[in-house]
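Peer 1: Mind having a look at this structure? Questions to follow.
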Amino acid sequence: MTFARSRLVRLLVPAAVAVVSPVLHADAGPAHAQAASADEVARVRQSVTRDEEALRRRSDELRRDATSIDARILARGRSYVRLSRAGLLPVGDGFEALVEHAVRLERLHHALENDLATAKRLAAERVAVSKELAAVRARGSTLDDEQRVLARAETALRAADERESAFAQAFESSSHTAVYGAVGPAEPGARSSFAELKGRLPFPIAGRSEIRPARRASSDGPGLEMRAAPGAAVRSVAAGRIAFADSYADYGKTVIIDHGRHFYTLSANLGTIDVAVGDEVSAGERIGSVGDTGNGPRLYFEVRSGKDTVDPASWFGL
């Protein structure tokens, strides 16, 4: 795994797993939790959606049943009150009519008791379904957040691959234009041989500067650090085409210029980048400014021949 990709994996993927693990792997160990994938999240999300729809349908059914039973209780209650009052009036139809009246009243009372018990059961089930629906919706919201986290992580990893590929391709051929952040290929114009400038290469920053040897961890050769005022202009040391203009690994904001015949210069630790991939630049043209990552303002500079990093000091006649 390459440097930039491995660093992004360490930073982004654990954050994504931390969100999904409680949902997908409540009883699983760390190794199992890290196996969570976007496909698994999507599958669980579909299951949660089905559960939510089923609970919503059941909630609607319970609401309709409760409305119906309430209406029935109201009707039977009114009937019961009317019959109860009628039982207090003088009865002119004899004993049998009185018995029939009492039986009807008892049946109505029993039906009311059943209706009230049903209403109570429906109310309790509605509460339980509402709680379960709320829990499912919360779970769905967590999964939605996880899908967004995973999507951002995958996008960042793809971008890291593209950036690293562009960085590598920038040194492969003078006829190649890197595709990451490109604005379109351009034909190189006439330019003097970069090799002829060895020993008298102009410095990329103007004015007084403290220069010392330096090297980036991911580089295969030496470079130079040039201390300068923060925001000082960084200029192209020779004519060429911009092959890379972006942030990269431990270089920070970086511009690579293809000077032809497989010679390249790399200016890094920039505060700003003022060019884009594919731009033709002339000698002395501004490409960015000096940045400060916490160790003081300084420019990091390399000269490369093909993919090999060569000692830049000899190119400046140091």
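Peer 1: Under 29 Å from the Cα of Lys120, which lysines turn up, not counting those fewer than eight places away in the same chain?
Peer 2: Output for Lys120: Lys131.
Peer 1: Any idea how far the Cα center of the range 264-315 sits from the one of the range 194-237, in Å?
Peer 2: 7 Å
Peer 1: Let me check I've understood the local charge: for Leu108, count other residues with C-beta under 12 angstrom from its C-beta, Lys and Arg +1, Asp and Glu -1. What total comes out? Before the final figure, lay out each step's value.
Peer 2: Numbers: positive: Arg72, Arg76, Arg78, Arg82, Arg104, Arg107; negative: Glu106, Glu113, Asp115.
Net local charge, Leu108 excluded: +3.
Peer 1: Now a separate question. Would you pull out the residues with amide H under 5 Å of Thr272's amide H, same chain only if 5 or more places away, H placed 1.01 Å from N?
Peer 2: Ser289
Peer 1: If you split all Cα-Cα distances of the range 194-315 into 5 Å bins from zero, what percentages do you get per bin, shortest first?
Peer 2: Spelled out per bin, shortest first, that is 2, 12, 24, 28, 22, 10, 1, 0.
Peer 1: Could I ask something else about it? Once phi is turned into ³J(HN,Hα) by the Karplus curve 6.51 cos²θ - 1.76 cosθ + 1.60 with θ = phi - 60°, what whole-Hz value does each residue of the range 310-318 show in order, with x for glycine and proline?
Peer 2: Karplus values, whole Hz, x for Gly and Pro: 9, 5, x, 4, 5, 6, 8, x, 8.
Peer 1: Let me ask something else. Where does each of Val281, Val290 land when they are ranked from fewest to most other beta-carbon atoms within 10 angstrom?
Peer 2: Numbers: Val281 20, Val290 25.
The fewest-first ordering by Cβ neighbours comes to Val281, Val290.
Peer 1: By count of other Cβ within 10 Å, fewest leading, how are Asp65, Asp70, Asp258 ordered?
Peer 2: On the way: Asp65 16, Asp70 13, Asp258 26.
Sorted ascending by nearby Cβ count, the order is Asp70, Asp65, Asp258.
Peer 1: Turning to a different aspect of this structure: Mind running the shape call on the range 245-318? Use the C-alpha gyration tensor, a ≥ b ≥ c as the square roots of the eigenvalues: rounded below 1.5 for a/c, prolate if a/b tops b/c, oblate otherwise. Mind showing how you got there, number by number?
Peer 2: Values: a/c = 1.61, a/b = 1.20, b/c = 1.34.
Oblate is the answer for the range 245-318, as a/c is 1.5 or above yet b/c matches or exceeds a/b.
Peer 1: Kindly write out, for the range 206-219 in residue order, the coupling ³J(HN,Hα) from the Karplus curve 6.51 cos²θ - 1.76 cosθ + 1.60 (θ = phi - 60°), rounded to whole Hz, with x marking Gly and Pro.
Peer 2: 8, x, 6, 8, 8, 10, 8, x, 7, 7, 8, 4, 8, 8
Since every read-out is calculated from the coordinates, none of them should be taken as a lab result. Because the structure is a prediction, the values reported are computed rather than measured. Cβ coordinates were reconstructed from backbone atoms using ideal geometry, including for glycine residues, and neighbour counts include every protein chain displayed.
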